[in-house]
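Read-outs throughout are calculated quantities, based only on the coordinates presented, and are distinct from any laboratory measurement. These numbers come from a predicted model, not from an experiment.
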Amino acid sequence: MHGFLVLARRMWCHQIHFVEEGTFDGMEVYTTKVPERAFEEIRYIEIQRTLPSNPKLMLDQLVEMARNEGTDGLVNVRFTRIEKRNIVSGTSIKFKETSQ
């Protein structure tokens, strides 16, 4: 039983940090807000690295991954640390065309 409690405790030891919203290399990045324009969610993407790792570099890699997929932005972007891994994740989006 003691081993299970230690495992459960280790599984839940994580930290979630929000990154700053804004534009990164021309890609719109949203953490807790969503764009005012209509958009379609494309897919969830993430970058994982073991410690030590640079969260800014990981965000750059996430933005580059989304850009390579042809998307316009990222929503629900966050930085999470689970044990000895850093994770930067978000959902890539494509803005819908508006008719004038």
Would you list which lysines come within 27 Å of residue 56, measuring only between C-alpha atoms, while excluding same-chain residues fewer than 8 positions from it? 33, 84, 94
Amide H to amide H under 5 Å from residue 39: which residues, 5+ apart in sequence or cross-chain, H placed 1.01 Å off N in plane? 96
